[in-house]
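Chemist: I'd like to ask you about the structure that follows.
The values are calculated or read from the model by the stated rules, or taken from the named source; none is laboratory data. This is a predicted model, so every value here is computed, not measured. No Cβ is skipped: glycine too gets one built from the backbone with ideal geometry, and neighbour counts run over all protein chains shown. Side chains are part of the model used for accessible areas, which takes the heavy atoms of the whole protein and leaves out ligands, DNA and RNA. Shrake-Rupley method; radii C 1.70, N 1.55, O 1.52, S 1.80 Å.
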Amino acid sequence: MTDTADTAKIVETAESGDGRTRVERYDPTAVEPRWQARWAELGLHDTDLADTSRPKYYMLTMYPYPSGDLHIGHWYIVTPSDALARYRRMHGFNVFFPIGFDAFGLPAENAAIREGGHPFTWTMQNMENMRRQFRTMGATFSWKHEVVTADPSYYRWNQWMFLRFLEKGLAYRKKSPVDWCPNDGTLAREQVEGADRHCWRCGAPVEKRDLDQWYLRTTAYADELLDFRGIDWPEPIRIQQTNWIGRSEGAEIDFETARSDGHRGGETLRVFTTRPDTLFGATFMVLAPEHPLVETLTAPEMRAEVEAYVAQAKRRTEIDRLSTDREKTGVAIGASAINPINDEQIPIYIADYVLSGYGTGAIMAVPAHDERDFAFAQQFGLPIRRVVAAPGTAADGPMADAYVAHTEGERLVNSGPFDGMSADDGGKAIVAKLAETGKAEPKVTYRLRDWLISRQRYWGTPIPIIYCETDGIVPVPDADLPVRLPENVDYKGRGDNPLTLDEAFLRVDCPRCGGPARRETDTMDTFVDSSWYWFRYLSPDDDEGPVDRAMADAWTPVDQYTGGAEHAVMHLLYSRFWTKAMRDCGLVGQDEPFLRLFNQGQILGADGERMSKSRGNVQDPDELVARYGADTVRLYLMFMGPWDQGGPWSPTGIGGPHHFLSRVWTLTIDPHGREPGDPDAGNLPAGEDVAAAEARLRSAAHRTLRDVTADYEAYHFNTMVAKLMELSNVLFRYRGTPIAGGAAWDEAIRLLLLMLAPAAPHITEELWSRRAAEAGREWSSIHTESWPEVDVAATAESTREVPVQVNGKLRDKLTVAAAISGPELEAAALASPKVTAFLAGRQPDKIIVAGGGKLINIVVREV
RNA sequence: GCCGAAGUGGCGGAAUGGCAGACGCGACGGUCUCAAACACCGUUGAGGGCAACCUCGUAUGGGUUCGACUCCCAUCUUCGGCACCA
């Protein structure tokens, strides 16, 4: 890859009348498009996936939703990722850095309903605009591997894999409630507004409606998903996923309902508890309002009240129901249960703090040892009986709070034959006792629920299922895939799914009996698309299967995945699940999708809110690129702060990086220039001769290289840029002096450009080409260079500064030989006049030489 | 509410047990200029002092340590997620 044809000549510097040199100024608009075109022409970023001569590196960023325009948040994700991709290439890796679009989803439908267009058109136009904007960044995406999830060649494989999961028993159908508007059909969470829960479009009150829907069995992998061995993920994400999965060990225990007026008793009520040791403390029982036995158990005189409560609970959100802050509500249903361990009769309540989807939807309430049960018991005047006592605590007597935590030496009390056992042993013994008669068994439950993938919407992957009157649920045969979305749809300005009205789509012959049948009209959650897209980048046009196994084996797992922490428990967990499910279908040979994860922060609008068109707080990068150039915008985004932090967007300060790049430009093309304003211009610093100055410059350059390399590795881009600025400041100090343009200077410039190249690819490429031209070398891209090596010898220093503290307060700084010994350092510190003044004749009690002589602290008793 | 994260100059931030405020923005002063812009050099946490210097200071209150922005406990505030936004 060599070429000299359009390499610019170094610009002549001319003396102007005022004695100042006039050099060509840094003009990114002239430089950037030229190099972008050149890189594209040379195919610099099109990864050859078949090349095995170099080690592979799969660099992935979360693909964008084509919302319309790229905003500065997209740049914030991509810019450092691109810098890393370039950095890894300089280390000899064959880097794959693909891009695509998460093209299905709600906003496209909203636009279609609002504007009367088609989600397809809206999405395609947005993608075209975003592709253009991505190109102005100079990102090294491998465009020829692009994936668009709304394309039948992609979603076909969602359908195909769904059918494999169905065969494996990983997909199933179940009734479950949705938020329903009579005019606009199923509503998403964000489409339900206000405390009274009304439809965002038409304002109608939102109802719950039970629909038959498709689930994926994520819970089958719950234990495996808790195992993070072999992947290097941030601890907060691992903790969040662990808590989300929420593994609880405990027991299921059967209570029988008691005979009473109008009720014969004898039904089994199974509860799940993590605290079987507290069974003697169960003073009432609580069912979820949705529990199937509520209907049969409710006493006639309670029926009206219970039904009203059930209706009210249905309208509450889960967050609201689980709030421990809210006053406890509930209703006694007029029935009792019998505690199997002591035959005690306890009343049955329904309350919305018990959820039907967790455990068995019923609990034994132990107010003495559970905070929510305690609050409920207080509210309803129910007995609170202590059954676990910490050492020194009386077995009886009033309790001000639930005793939940465990204490060393605690014992069961008020628990009949189990009194005196530890909570742990007692729980096991109680379960074992009941297990003899089949009334209890040890059980593990999870907070994690199976994944509901059915969506009552048009703009998604059709679920490939046919309903036949004789054959029931019939999968679409593989040969008939993809089930395509019909193109002509009419939303009629409403939110419900137009597929349900499309006769041509709906009517189909049953693949088994040939009789009349009906297609499933639900489509898949868009999280299905994003659960495996990185495999498809490797073989986007493959029509034999979803993944090319050989490619997947060679290139996955992904080495580095970058995206927002807001995806901690959904997308990132679904992707892990999907990979494991694919593995179990024999499609891939790995357990985990992403080896290393990094969560970059989120750029908010200037108002501190999430950027969105409706808020009008979106920062358009095009404007900034036109004004400062892509390199400045890239550098500013990296310099703003730590990458994992994000924060409100403010362009204040973008002048800093621009200024820095201008200085790099000036240093490279005009080393001998001088500016007025510096009284020392042209002179070496006092006390330095040429040799000392060159040694100092080399030392600065190689220290910078050492530190910048560490910062790239640790993704500390803000300090990386700061260190390059420091080096440029050092170089500016030597500009116009006798060492400017010499060997040490030239080496420092070379290192500076190489270190800056991944972050600011255009200006470095331009300056690199000019240096080549000046030296009469043939051009080759700076982006094909190797990362330079640190000269450790050059970084050594003969003296260093040691802070001296007295009682932890800084009192002096000593300049000492770098190789000074500990005792010598102590002696020097004690000899310091400032130190002796503070000691005022007192003998030091202790002298601490910290960090191998990095700091000295003299401790002396205060008088 | 529950789970996770973050609070440091006028502003973005640096320092992850050892010199608080690197680097940059802004502001102020200067050089250059007829002038302005650009560029370049310098000053810039607060308070006190002529000065050398001193005191205070990392959301708040406590603790551990020779030494705490950093570790522990409690509190406050802000942000992300809570299963149909992506």
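Chemist: Within 10 Å, Cβ to Cβ, of A:SER699, how many net charges do the neighbouring residues add up to if Lys/Arg are +1 and Asp/Glu are -1?
Modeler: Working: positive: A:ARG696, A:ARG698, A:ARG703; negative: A:GLU694, A:ASP791, A:GLU797.
The answer is 0.
Chemist: May I pose another question? Just want the answer: with Cβ charges of +1 for Lys and Arg and -1 for Asp and Glu, which residue in A:LEU667, A:SER780, A:GLY629 is farthest toward the dipole's positive end in chain A?
Modeler: A:LEU667
Chemist: Another question about this same structure. For the pairs A:LYS175/A:LYS314; A:LYS208/A:LYS580; A:LYS174/A:LYS443; A:LYS723/A:LYS854; A:LYS723/A:LYS813, flag any whose C-alpha to C-alpha distance is greater than 27 Å.
Modeler: Numbers: A:LYS175/A:LYS314 15 Å; A:LYS208/A:LYS580 34 Å; A:LYS174/A:LYS443 23 Å; A:LYS723/A:LYS854 22 Å; A:LYS723/A:LYS813 24 Å.
Beyond 27 Å between Cα atoms: A:LYS208/A:LYS580.
Chemist: Still on this model: Can you send over the carbon and sulfur percentage of the accessible area for the stretch A:510-612, probe radius 1.4 Å, protein chains only?
Modeler: Values: 1560 of 3380 Å².
Carbon and sulfur together cover 46 percent of it.
Chemist: Same structure again: What's the whole-number percent of alpha carbon pairs in the stretch A:252-342 lying beyond 16 angstrom?
Modeler: On the way: 2444 of 4095 pairs.
Tail of P(r) above 16 Å: 60 percent of Cα pairs.
Chemist: A further question follows. Any idea what angle helix A:28-42 forms with the longest principal axis of chain A, computed on alpha-carbon atoms, 0 to 90 degrees, nearest 10?
Modeler: That works out to roughly 70 degrees.
Chemist: Now a separate question. Mind listing the phi-derived Karplus ³J(HN,Hα) values for the stretch A:88-100, rounded to whole Hz, using 6.51, -1.76 and 1.60 with θ = phi - 60°, and x for any glycine or proline?
Modeler: 5, 4, 5, 9, x, 8, 8, 9, 10, 10, x, 8, x
Chemist: A follow-up question, please. Could you tell me the relative contact order of chain A? Use alpha-carbon pairs under 8 Å, at least six residues apart, and round to a whole percent. All intermediate terms of the calculation are to be shown ahead of the outcome.
Modeler: Numbers: 1533 pairs, mean separation 130.5, N = 863.
It rounds to 15 percent for chain A.
Chemist: Any idea how far the Cα center of the stretch A:201-253 sits from the one of the stretch A:470-547, in Å?
Modeler: So the separation of the two Cα centres works out to 26 Å.
Chemist: Shifting gears a bit: About its Cα centre, what dipole magnitude does the stretch A:110-255 give when the only charges are +1 on Lys and Arg Cβ and -1 on Asp and Glu Cβ, stated in debye to the nearest 20?
Modeler: For this selection, approximately 600 debye.
Chemist: Could you tell me which of rounded, prolate or oblate describes chain A, using a ≥ b ≥ c as the square roots of the eigenvalues of the alpha-carbon gyration tensor, with rounded for a/c under 1.5 and, failing that, prolate when a/b is larger than b/c and oblate otherwise? Please report the intermediate quantities before stating the final value.
Modeler: Details: a/c = 2.64, a/b = 1.46, b/c = 1.81.
Oblate.
Chemist: In debye, nearest 20: dipole of chain A around its Cα centre with unit charges on the Cβ of K, R (+) and D, E (-)? Before the final figure, lay out each step's value.
Modeler: Numbers: 94 positive and 125 negative charges, 212 e Å.
Using Cβ point charges on Lys, Arg, Asp and Glu, chain A gives about 1020 debye.
Chemist: Where nothing but the Cβ of Lys and Arg (+1) and of Asp and Glu (-1) is charged, how large is the charge dipole of the stretch A:247-446 around its Cα centre, in debye to the nearest 20?
Modeler: Working: 20 positive and 31 negative charges, 50 e Å.
The calculation lands at about 240 debye.
Chemist: State the antiparallel share, in %, of DSSP beta bridges confined to chain A, rounding to the nearest 5.
Modeler: On the way: 73 of 97 bridges.
Taking every DSSP beta bridge within chain A, about 75 percent pair in antiparallel fashion.
Chemist: In whole Hz and in residue order, list the ³J(HN,Hα) couplings for the stretch A:649-654 that follow from phi through the Karplus curve 6.51 cos²θ - 1.76 cosθ + 1.60, θ = phi - 60°; x for Gly and Pro.
Modeler: Taking θ as phi minus 60°, the curve returns 7, 8, x, 4, x, 5 Hz for the stretch A:649-654.
Chemist: Let me ask another. For the pair A:ALA304 and A:ASP424, what calculated FRET efficiency results from E = 1/(1 + (r/R0)^6), where r is the Cβ-Cβ distance and R0 = 56 Å, to the nearest 0.05?
Modeler: Details: r = 45 Å, r/R0 = 0.80.
Using R0 = 56 Å, I get an efficiency of 0.80.
Chemist: Turning to a different aspect of this structure: On C-alpha positions alone, give me the angle between the axis of helix A:717-734 and the longest principal axis of chain A, in degrees, nearest 10.
Modeler: That works out to roughly 10 degrees.
Chemist: Now, a different point. With unit charges on the beta carbons (Lys and Arg positive, Asp and Glu negative) and the dipole taken about the Cα centre of chain A, which residue among A:THR140, A:ALA251, A:SER415 sits farthest to the positive side?
Modeler: A:SER415
Chemist: Next question, about the same structure. So if I take the centroid of the Cα atoms in the stretch A:598-659 and the same for the stretch A:136-200, what is the distance between those two points in Å?
Modeler: The distance from the Cα centre of the stretch A:598-659 to that of the stretch A:136-200 comes to 30 Å.
Chemist: Between rounded, prolate and oblate, where does the stretch A:669-802 land on the alpha carbon gyration tensor, with a ≥ b ≥ c its root eigenvalues, rounded for a/c under 1.5, else prolate if a/b exceeds b/c? Before the final figure, lay out each step's value.
Modeler: Details: a/c = 1.72, a/b = 1.16, b/c = 1.48.
In terms of gyration-tensor shape, oblate.
Chemist: Any idea what angle helix A:106-115 forms with the longest principal axis of chain A, computed on alpha-carbon atoms, 0 to 90 degrees, nearest 10?
Modeler: Compared with the principal axis, the helix lies near 90 degrees.
Chemist: Provide the per residue accessible area, probe 1.4 Å, for chain A, rounded to a whole number of square angstrom. Numbers along the way, then the final one.
Modeler: On the way: 38150 Å² over 863 residues.
Value returned for chain A: 44 Å² of accessible area per residue.
Chemist: Related question: Count charges around A:GLU371 for me, please; just the other residues with Cβ under 12 Å from its Cβ, Lys/Arg as +1, Asp/Glu as -1. Present the calculation step by step, with values, prior to reporting the outcome.
Modeler: Working: positive: A:LYS328, A:ARG372; negative: A:ASP325, A:ASP370, A:ASP373, A:ASP401.
Local net charge: -2.
Chemist: Same structure, new question: In µm²/s, what is D for the stretch A:797-859 at 25 °C and 0.890 mPa s, where D = kT/(6 pi eta Rh) by Stokes-Einstein and Rh is the Kirkwood radius from Cα pairs?
Modeler: Values: Rh = 11.5 Å.
The Stokes-Einstein estimate is 213 µm²/s.
Chemist: Let me ask something else. All other residues with a Cβ under 14 Å from the Cβ of A:ILE338 taken together, and with Lys, Arg as +1 and Asp, Glu as -1, what is their net charge? Write down the numbers at each step before the final one.
Modeler: Values: positive: A:ARG259, A:ARG264, A:ARG270, A:LYS439; negative: A:ASP254, A:GLU256, A:GLU267, A:ASP343, A:GLU344.
Summing Lys and Arg as +1 and Asp and Glu as -1 gives -1.
Chemist: Work out the charge dipole of chain A with +1 on the Cβ of Lys and Arg and -1 on the Cβ of Asp and Glu about the Cα centre, then indicate which of A:GLN602, A:THR526, A:ILE348 is farthest towards its positive end.
Modeler: A:GLN602
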